[in-house]
Amino acid sequence: MSPTPSPAGTPGKRGPSRRGFLIGGALGVGAAATGASVFAANNTTAQAASADTFTYPDLLSGTTSGGVTAYTLQMQAGTHEVLSGVTSSTMGFNGSYLGPTMKWTNGQSVQMNVTNNLGADTTVHWHGAHVPAKVDGGPQVAFSDGATWSPELTVNQDAATLWYHPHALGTTAEQVVKGLAGMIIVEDDSAATAALPSDYGVDDIPVILQCLAVDSSGDIKYNLSGYLTANLKFPVLCNGVNVDSTTLTFTATKTRTRLRLLNASPADIITVSRTDGGTTTQIATEQGYLTAATDVTSIRLVAGARAEVVLDLTAAVTLQAVITTGWVKGGSGTYEFLTITPDASDTPAALPASLNSIERYDTSAFTARTITLSQSGLTMLINGVAGTTMAAMESNMITTTLDAEEIWTVTNATQLEHSFHLHDVPFQIVSVDGTAPTGADVGWKDTVEVVGGSTVKIAMKFTDYADSTYMYMLHCHILKHEDEGMMAGLMVESS
Ligand code: C2O
Ligand code: CU
Ligand code: CU
C-alpha cells in the first residue's frame, strides 16, 4: 500500500490537536479545529488517522502583485497539547501553536503583514535573514496589541533554513515557548538547490524540535520562578507534537529525503542522530550549504541553531533526539521522535561534488573586537551591561561601519552554556579555544555554542545595510539569558 502525499494546505490535514481530541475526550471541537489549522499530515490514507503520523506546518501562500509577494501572519492565542492529554494555553501564527513555513527566493521582494492579537507588545524577527535593521524585527520596532506591522524586504542571500519568532524586550522567552515560531526556507538559483530535494512535505521536510518546561496542569514555564516550580515536566515536541512516548511515522515516497532541523527550544541542546548509529549526510549549517555534503553521525543543535541533512533511504531510519539541559533546569534523555520508511523505487543521482564555495576569510587585517558574556547573580551581561532596556542597549551599543571586516573574540566568562547569535550577517568560526574548525563547523553560521569558560572567535563582514537609527542585535539564544540581559545592540553605520 502506498499512501498518497497530499499537498500542504489541502483539506484532509490533521494536526496534533486531532490526536488530543481523540485521546482527551474533554477537549472541545474548537480547540481541535484551531490547533489543526497550521499543520498538514503527509498522507491521507487510513493510516493518517493514526495518532503517530508525522505532521508539519503548512506552507504559507503569498499574494503577488506589482512584483511584491505579501504574506499575512496573525499572532494569536489558542490552546494546544504540549503534554499528551493536557490542554495548554499557547500562541501561534495563523493557528494555535507554531506557524506556517514561508518559502522565500533570493532576489524576491516580500512584504510581511503581521498582526498582533496577543494582548501584549511583540515584534517578529526573521532569524538569519540578511535584511536592513529597520525590518529585522528587533525590540526597537515592537508593536502593540491590535497593530499590524508591514515591513518590506528584498531577499538577499543564498539558500538556507531560517526561522521567525518574537523578539520584544523581556517577553521573547514567554512568547516563543508558548508557540510563536515558524520556519523560513530560502531558495536560490544555484546548482546545489536544483539538485537537492525541494518538494515541501514530500522530500523536503521541516523538523522543528523543542524541549519545553510545563507543569502538570499544562502551564508552560518561561522564567526562573516558573522553572523552579516543583514537579515540572520537560516534554519534547516535533513540529508541535509530543514525542515523549511516541515515535512519529513518515512514509517517504522519494528515496532521498531532505530534513531541515531547527532547535526552537528556549534553552536545551538537542543532538540528533540515527538510532542505528549510521550516518546522515549534512548539507547545510544555519547560513547555507556546506562546500560539500559531509557524513556525520550526530548533529548538535544549540537553541536557535539549524542544520540540513539528506538521507538516501534503503530501509526505515529512526531518528533520535538527545536532550541536554541548557539552563537552570531542563530536559534530558533520548527520544526516538521520527521513523522514516521508504516506499519509493527511484534512484537518486549522486549529490553534486560541490554544493557551495566558501572562501575562508583571511582575518589578518580584520578589526578585532572582544565580546564578553558574563553574569552578576541572575543578571546576564554582555561586556558588563545587561541589555534589558533600550537605554542599556544604546549605552552598550556595538557600533561598526558598512563593509567593516571584523574578528570577534567571544569569551564565555560564566560556567553556563551560551548560544551566541548575531543578526544581519553570517559569520565563520575562526577557532574554538584556539582550535580551527573542521567538518560542518566550517560552514556559514549565525548561531554558535559557547560552552562555559570557553572562547570562540568568529569573523564577519557587515555588508549591504547601514542605518544610524535602527540597530541589529547580538545575544544569547538561550531565551531566558536574552531576557535576563545577555543582549546588546549593533549599529552598522554608513562609512
Ligand atoms: Cu532568533 Cu535575535 O534571534
Ligand atoms: Cu536572529
Ligand atoms: Cu546564555
remark   = A chain fully extended from residue 397 to residue 109 at 0.36 nm per residue, minus the present Cα-Cα distance, gains in nm 100.7 nm
key: Cα-based Rg / Dmax (Å) for region 250-335   = 13.4, 42
note = So, with points 7 Å from each Cα along the Cβ direction, the residue 341-residue 362 label distance in nm works out to 5.6
query = In deg cm²/dmol and to the nearest 500, what is the mean residue ellipticity at 222 nm of the chain if only DSSP H runs of at least 4 residues count, each as -39500 (n - 2.57), divided by the residue total?
reply = -2000 deg cm²/dmol
ask   = For region 318-411, which GluC sites (Glu not before Pro) are both in a DSSP coil and crowded by at most 15 other Cβ atoms within 10 Å?
value = 359
inquiry  = With a cap of 16 neighbouring Cβ atoms within 10 Å, and only residues DSSP puts in a loop, list the trypsin sites (Lys or Arg not before Pro) found in region 209-274.
reply    = none
query = For the chain, what is the Kirkwood estimate of the hydrodynamic radius, computed as the reciprocal of the mean inverse distance between distinct Cα atoms, to one decimal in Å?
reply = 22.6
Reachable lysines from residue 461, criterion Cα separation under 22 angstrom, eight or more residues apart if same chain = 134, 445
key: lysines with Cα under 19 Å of residue 221, excluding same-chain neighbours fewer than 8 positions away   = 178, 233, 329, 480
query = DSSP beta bridges in region 364-412, what fraction antiparallel, as a percent rounded to 5?
reply = 40
message = Could you tell me how far the Cα centroid of region 376-402 sits from the Cα centroid of region 313-368, in Å?
response = 33
key: Normalised contact order of region 363-493, rounded percent, pairs of Cα under 8 Å and 6 or more residues apart   = 34
query = Out of the DSSP beta bridges found with both residues in the chain, what percent are antiparallel (nearest 5)?
reply = 70
ask   = For the chain, what's the relative contact order in percent, using C-alpha pairs closer than 8 Å and at least 6 residues apart?
value = 13
inquiry  = Can you tell me the length gained on complete extension of the stretch residue 63 to residue 145, counting 0.36 nm per residue apart and subtracting the Cα distance?
reply    = 27.1 nm
inquiry  = Less than 14 Å Cβ to Cβ from residue 236, Lys/Arg counted +1 and Asp/Glu -1: what total charge do the surrounding residues give?
reply    = -3
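Sorting check: for 106-115, 158-167, which peptide has the highest mean count of neighbouring beta carbons within 10 Å, and how do the rest follow?
Averaged packing, sorted descending, gives the order 158-167, 106-115.
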remark   = In vacuo Debye sum over C-alpha of region 155-251, base-10 log of normalised intensity I(q)/I(0) at q = 0.12, 0.15, 0.16, 0.17 Å⁻¹, listed in q order, is -0.55, -0.77, -0.84, -0.90
inquiry  = Over 5 Å intervals from 0, what percent of Cα-Cα pairs in region 363-493 sits in each interval?
reply    = 2, 11, 22, 24, 21, 13, 5, 1, 0
remark   = Env charge @ residue 69, Cβ radius under 15 Å, K,R +1 / D,E -1, value -1
ask   = For residue 195 and residue 469 in one chain, what is 0.36 nm times their gap in residues minus the Cα-Cα distance, to one decimal in nm?
value = 94.5 nm
remark   = region 352-420: relative contact order from alpha carbon pairs under 8 Å, six or more residues apart, as a whole percent, is 39
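Give me the percent of DSSP beta bridges within region 363-493 that run antiparallel, rounded to the nearest 5.
Around 70 percent antiparallel, to the nearest 5.
Bear in mind that the values in this text are calculations on the coordinates, not laboratory data. Keep in mind that what you see is a predicted model, and the values were worked out from it rather than measured. Heads up, the Cβs are rebuilt from the backbone with ideal geometry, glycines too, and the neighbour counts pull from every protein chain shown.
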